[in-house]
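First comes the structure, then the notes that go with it.
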Amino acid sequence: MEKKCSHIAEYLKDVKPQSKRCEDCVKKGDTWLHLRMCLDCGYVGCCDSSKNQHARRHFEETQHPLIESIERGDTWRWCYEDEIFF
Ligand SMILES: [Zn+2]
Ligand SMILES: [Zn+2]
Ligand SMILES: [Zn+2]
C-alpha cells in the first residue's frame with residue numbers, strides 16, 4: 001500500500017526561507033552540505049548528511065514534520081514523521 005503523508009494539508013503554507021544559510025551552523029562556525037527549509041515556519045537548517053543535522057533537530061524540537069530542499073535544482077519535499085518524499 002502506498003504510504004501517504006497526513007500532514008500536507010495542515011502544514012503546507014506559502015513559507016519563505018528565513019535565511020539562505022544554516023544560521024545555527026554559522027553561529028558555531030561550522031559548515032554544512034545541503035540546506036533544508038521547514039515548511040511550517042521557514043526555518044533553514046542543514047541536511048542529515050551534514051555534521052549538525054539542524055533540519056532534523058528542528059523537527060525534534062518543534063514537531064514541524066515537513067521540509068523542502070532549497071538546493072538549486074531540487075524539487076522534493078520530505079516528511080520526517082511519515083518518512084516519505086512527496
Ligand atoms: Zn507527514
Ligand atoms: Zn546546521
Ligand atoms: Zn519549523
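Here are a few things to note about the model shown:
- Remark: the R57-W76 segment gains 4.9 nm on full extension, using 0.36 nm per residue and subtracting the alpha carbon distance.
- 10 Å Cβ shell holding at most 11 others, DSSP loop, GluC sites (Glu not before Pro): longest site-free stretch of the chain: 3-82
- Within the same chain, lysines fewer than 8 places from K27 are excluded, and of the rest, those with a Cα less than 19 Å from its Cα are K51.
- Taking other C-beta atoms within 10 Å as the exposure proxy, T75, T62 rank T75, T62 from fewest upward.
- Ranking of S69, S49, S6 by neighbouring Cβ atoms within 10 Å, starting from the fewest: S49, S6, S69.
- Excluding same-chain neighbours fewer than eight residues apart, the lysines reachable from K4 by a Cα-Cα span under 25 Å are K13, K16.
- Loop-resident trypsin sites (Lys or Arg not before Pro) (DSSP state other than H, G, I, E or B) in region 1-53 with no more than 15 further Cβ atoms inside 10 Å of their Cβ: K3, K4, K13, K20, R21, K51.
Taken together, the values in this text are just the output of simple stated rules run on the coordinates, not laboratory data. The structure displayed is predicted, hence computed values, not measured ones. Cβ coordinates were reconstructed from backbone atoms using ideal geometry, including for glycine residues, and neighbour counts include every protein chain displayed.
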